[in-house]
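Report on the structure given below.
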Amino acid sequence: MSRENRHSRPVQHFSDEYLQRCRELSPDDIARFLENFKRIHGTANSRSRLISLKVPEALLAAFKTQARLRGIPYQTQIKNLMRLWLVPPEAPQRKAGEPR
């Protein structure tokens, strides 16, 4: 392995539009993002717990069908929906230069 390859690290590239949007974020926007990120991903490595849940058969069958059509394991989709439910709805976005 060459000396260059041993020390190279992946580099993440961002579009100019994305960087401009990030510059426009208020401290509250950044804090909200960090809290939501921690809420969703903070326990990503935690153990899973087996639960028993009664669901009407027709609802479960329809859910499994939709998940299969979208190429997502249905239990993964249930967990995704649970995570989304924990994130509060976003406040209306301010435009740059608008007063708070």
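The values are calculated or read from the model by the stated rules, or taken from the named source; none is laboratory data. No experiment lies behind these values; they were computed from the predicted model shown. As a convention, Cβ positions derive from the backbone with ideal geometry for all residues, glycine included, and neighbour counts pool all protein chains shown.
Pairs linking a residue in the stretch 64-86 that is free of Cβ contacts under 8 Å to residues at least 40 places away in the same chain to a residue that is hydroxyl-bearing (Ser, Thr, Tyr) and loosely packed, with under 11 Cβ neighbours inside 10 Å, with Cβ atoms under 6 Å and 6 or more positions apart or on different chains, do not occur. Taking the criterion of being modelled with pLDDT of 95 or more and among the aromatic types (Phe, Trp, Tyr), the residues of the stretch 36-84 that qualify are Phe63, Tyr74.
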